[in-house]
Amino acid sequence: MGRTNSRDQELRTRAEAVIPGGMYGHQATGLLPDDYPQFFERGEGAHIWDVDGRRYLDLMCAYGPNLFGYANPQIDAAFVRQLGLGDTLTGPTALMVELAEAFVAMVSHADWAMFCKNGTDATTMALTTARAHTRRKIVVRAKGAYHGAAPWCVPRPTGTIDTDRAHQIFYDYNEVASLEAAVAQAGDDLACVFAAPFKHDAFIDQAEPDPAYARRARELCDATGALLVVDDVRAGLRLARDCSWSRIGVQPDLSTWGKCIANGHGLSALLGNDKARKAAASIFVTGSFWYQAAPMAAALETLGLVRDTDYLERITALGERLRSGLDERASAAGFSLRQTGPVTMPLFLFDDDPDLRKGFCFSSEMLDRGVYVHPWHNMFLCAAMTDADIEAFLDAAEGALGALKRQSPTLQPVPKLAFLTAGGTR
Ligand code: PMP
């Protein structure tokens, strides 16, 4: 398609001069179809507008933070009210205590909470807490799982050194024998086991946690004195009004939260049980903006909506409708589509599409029809979505599948995705 002469293109050109590489991180559109916008103007409810004025139903929800709708009036009013009173002050406000109380009341395993800014802060604090608690070094974690962008866990290690990632042993998610072997290899130096609430790695099918694996992780931590960490940064509040593993009856010692806990305002959290309290109190963790009061006001409103509304049941029903509707339309168009993961965090990948050329074409066609989907990362539903939005999604999907069918015979490999089939990494 191409976006020559667009405002997006103009901003990209200017960014090249003043931002290294023009853009960085997860939303650098380098690994998205060429017609995807890089820059956005605004968001409202379930929709975003790019800088060229195009409106999209947004299935990414800012990669998770949008749970109750962009610019949610109730949450943002609390945020703005607190901004008027004071945000970054010499110390925290009473909201910090109220918010910790709200989390402790909501999350079964939690006896305490500490607040920070990004998910990476929370996961790094979890690791430090576990090492302080056990006075041991090794973290056992799942291969391919994302836990943030700090040197110990960043997926592309350019600029880090081997010792940043020392003392880590990897297992295959959901594989009990592999987990047991990793724990055995850690021996008497195991500090913690990290687990995502479900397998939500990029580029591949998602997988629900096998309860036998989750229970075994709990047992192994109990037997060795290590701490069990569930990284709920991405999935938190989209699967349960509690830690996501509460659904399978397994309670971690520590859980990490971020993204949607303040509906898009900058806040993350580490929650823990009494076992880990002393260690958490002993580590030095802080940041100039960590006590900001306005995001905490937003988080209190968000947790209120979590507690008092049927948002979870609604987004689950919408997600089920999206999944079955898309299945119907895909098979009617003669495509075999794998939809995996929880319905509130969908991912769809086409069969026989190892280099994602079909996925890229489908995503572009969806974009063209006003729906922003992601070709290889899980997506997110939000409570601002309506039945009409799901219908709009399905109508767009029908058109996009038709267009894909017409283009399929002549689709070419996407050069920037060559690493997928070359066996390398990006
Ligand atoms: N853990 C998980 C499971 C995540 O998905 C992410 C972010 N995608 C993080 C940690 C890091 O969070 P942040 O980007 O806020 O640092």
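The values are calculated or read from the model by the stated rules, or taken from the named source; none is laboratory data. For clarity, every value in this text was computed on a predicted model and none was experimentally measured. In this analysis, Cβ positions are derived from the backbone assuming ideal geometry, glycine residues included, and neighbour counts consider all displayed protein chains. In case anyone asks, the SASA skips ligands and DNA or RNA and just uses the protein heavy atoms, side chains included. Shrake-Rupley method; radii C 1.70, N 1.55, O 1.52, S 1.80 Å.
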Sites K143 and D274 - FRET efficiency at Förster radius 35 Å, r taken between beta-carbons, to 0.05:
0.65
In angstroms, what radius of gyration and Dmax does segment 139-273 have, counting Cα atoms only?
14.5, 41
Under 5 Å, built H, 5+ apart or other chain: amide partners of Y171
R141, A142, K143
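Let me check I've understood the local charge: for A191, count other residues with C-beta under 10 angstrom from its C-beta, Lys and Arg +1, Asp and Glu -1. What total comes out?
Details: positive: R131, R135, R136, K137; negative: D189.
Charge balance in the 10 Å sphere: +3.
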Segment 73-308 - accessible surface per residue (Å², probe 1.4 Å)
41
So how strong a dipole does segment 298-426 carry about its Cα centre when Lys and Arg Cβ are +1 and Asp and Glu Cβ are -1, to the nearest 20 debye?
560
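Which whole number in µm²/s is D for segment 212-363 by Stokes-Einstein, with the Kirkwood Rh taken over Cα pairs at 20 °C and 1.002 mPa s? All intermediate terms of the calculation are to be shown ahead of the outcome.
Values: Rh = 18.5 Å.
Once the numbers are plugged in, D ends up at 116 µm²/s.
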If you project the alpha carbons of segment 332-426 onto their three principal axes, what span does each projection cover, largest first, in Å?
41, 29, 21
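Under the rule of -39500 (n - 2.57) per DSSP H run of 4 or more residues, summed and divided by the residues of the chain, what mean residue ellipticity at 222 nm is obtained, to the nearest 500 deg cm²/dmol?
The per-residue figure over the chain is -12000 deg cm²/dmol.
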Sort R165, R277 by heavy-atom solvent-accessible area, probe 1.4 angstrom, most to least.
R277, R165
Which whole-Hz couplings ³J(HN,Hα) result when phi for each residue of segment 130-139 is put into the Karplus expression 6.51 cos²θ - 1.76 cosθ + 1.60, θ = phi - 60°, listed in order with x for Gly and Pro?
5, 5, 5, 5, 9, 6, 10, 10, 7, 10
Past 24 Å, Cα to Cα, is the threshold; run K143/K405; K143/K278; K117/K278 against it and keep the listed order.
K143/K405; K143/K278
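So what's the net charge close to V80: Lys and Arg +1, Asp and Glu -1, counting the other residues with Cβ under 14 Å from its Cβ?
Numbers: positive: R81; negative: D76, D87, E301.
Summing Lys and Arg as +1 and Asp and Glu as -1 gives -2.
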Which residues in segment 102-136 place their backbone N less than 17 Å from a point set 7 Å from the Cα of S282 along the Cα-to-Cβ direction?
125-136
Listed by chain and number, the aspartates and glutamates with an alpha carbon less than 20 angstrom from that of K137, same-chain partners under 8 positions apart left out, are D121, D162, D164, E180, D188, D189, E219, D222, D231, D253
Along its principal axes, what span do the Cα atoms of the chain show, with the longest given first and each in whole Å?
61, 53, 46
Chain lengthening between T309 and I19 when straightened (0.36 nm per residue, less Cα-Cα):
100.2 nm
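Listed highest first by mean packing, meaning other Cβ atoms within 10 Å per residue, what order do 202-208, 255-261, 15-21 come in?
On the way: 202-208: 15.7, 255-261: 28.4, 15-21: 10.3.
Top to bottom by mean Cβ count within 10 Å: 255-261, 202-208, 15-21.
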Convert each backbone phi in segment 264-278 into a coupling constant with the Karplus relation 6.51 cos²θ - 1.76 cosθ + 1.60 (shift: θ = phi - 60°), then list the ³J(HN,Hα) values in order as whole Hz, x for Gly and Pro.
x, 7, x, 6, 9, 8, 10, 10, x, 9, 4, 3, 9, 4, 5
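Counting each pair of different Cα atoms once, what's the Kirkwood radius of segment 300-352 in Å, rounded to one decimal? Mind showing how you got there, number by number?
Working: mean 1/r = 0.0796 Å⁻¹.
With all distinct Cα pairs of segment 300-352 included, I get 12.6 Å.
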Can you give the Rg and Dmax of segment 73-308 based on its C-alpha atoms, in angstrom?
17.5, 55
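From the P(r) of segment 1-132, can you give the percent of Cα pairs sitting at distances over 23 Å?
Numbers: 4776 of 8646 pairs.
Result: 55 percent of Cα pairs exceed 23 Å.
Net charge near K117, counting Lys/Arg +1 and Asp/Glu -1 over other residues with Cβ under 14 Å of its Cβ? Please report the intermediate quantities before stating the final value.
Working: positive: K259; negative: D87, D121.
Residues near K117 contribute -1 overall.
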Expected vector for segment 191-207, Karplus 3J(HN,Hα) from phi with 6.51, -1.76, 1.60 and θ = phi - 60°, integer Hz, x for Gly and Pro, equals 8, 6, 10, 9, 9, 6, x, 8, 6, 10, 6, 6, 6, 10, 4, 8, 9
